[in-house]
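Here is the structure we will look at.
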């Protein structure tokens, strides 16, 4: 039987990469996935899902007013759909989570949702709230904080690296705006007012072949 899946994490855990790999796996077996992405996420162009490592695919865009069940039903009149994949699922409305459950229950098509659990204030997104409540299977995709602990929260930061405590919940951004942190670090930065520690990318080898000091430190954190 088909199921409704919610795969959640903080930022930069590889959610989109897993989604795109799942879509590839379906196509490789001659099956047809249907991909959804919110219209408001236009970082790589409207209607595109793209991962940080370069994988990308076209997707059907949706707004908060769209009925995802009806869109899927209309597509079924033209071609078979064997799986529905939803990127940035935290932006779903309560009604849209219900519509996805209808795709599972009435059409017997599995739905895999990928998204954040909480926003920059530590509050649940609407879509995440109802997916956590209604999904058949929940999976946490893990990543780490700069402290070496599991990162399960996100902070929105200003140009100086201090947490922003007010603002719209829905604001698109990448590594320059959002940082994944552990709960303990979230409390220090968001509540305690401490400055976030930014992590600079490092090369795998120094020019002389030795391991750079900052990479040695990174290894200790891991």
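The values are calculated or read from the model by the stated rules, or taken from the named source; none is laboratory data. The structure displayed is predicted, hence computed values, not measured ones. A quick note on method: Cβ atoms are made from the backbone with ideal geometry, for glycine too, and the neighbour counts reach across all protein chains shown.
Points worth noting:
- Only a single criterion out of (1) surrounded by 14 or more Cβ atoms within 10 Å (Cβ to Cβ); (2) at pLDDT 80 or above; (3) assigned to a loop (DSSP other than H, G, I, E, B) is not satisfied by residue 190, namely (3).
- Out of 131, 112, sole residue that is surrounded by 21 or more Cβ atoms within 10 Å (Cβ to Cβ), in a helix (DSSP H, G or I) and in contact with a strand residue (DSSP E or B) (Cβ under 6 Å, 6 or more places away or on another chain): 131
- Residues of segment 48-69 that turn out to be more than 14 Å from residue 35 (Cβ to Cβ) and out of contact with any helix residue (DSSP H, G or I) (no Cβ under 8 Å at 6 or more places or on another chain), as a count: 3
- Of all residues in segment 86-106, those that are over 16 Å from residue 38 (Cα atoms) and touching a helix residue (DSSP H, G or I) at 6+ places or on another chain (Cβ under 7 Å) total 3.
- Pick from segment 130-152, criterion touching a helix residue (DSSP H, G or I) at 6+ places or on another chain (Cβ under 8 Å) and free of Cβ contacts under 8 Å to residues at least 60 places away in the same chain, ranking: nearest to residue 81 (Cα to Cα): 130
- Taken across segment 5-28, residues that are out of contact with any strand residue (DSSP E or B) (no Cβ under 9 Å at 6 or more places or on another chain), assigned to a loop (DSSP other than H, G, I, E, B) and farther than 22 Å from residue 138 by Cβ do not occur at all.
- Residue in segment 49-72 that is loosely packed, with under 13 Cβ neighbours inside 10 Å, assigned by TED's automatic domain parsing to the domain that holds residue 101, assigned to a loop (DSSP other than H, G, I, E, B) and touching a strand residue (DSSP E or B) at 6+ places or on another chain (Cβ under 8 Å) present: yes
- Lone qualifier among 92, 100 - being modelled with pLDDT of 95 or more, surrounded by 24 or more Cβ atoms within 10 Å (Cβ to Cβ) and closer than 19 Å to residue 23 by Cα: 100
- Test result for residue 80, in a loop (DSSP other than H, G, I, E, B) and at pLDDT 90 or above: yes
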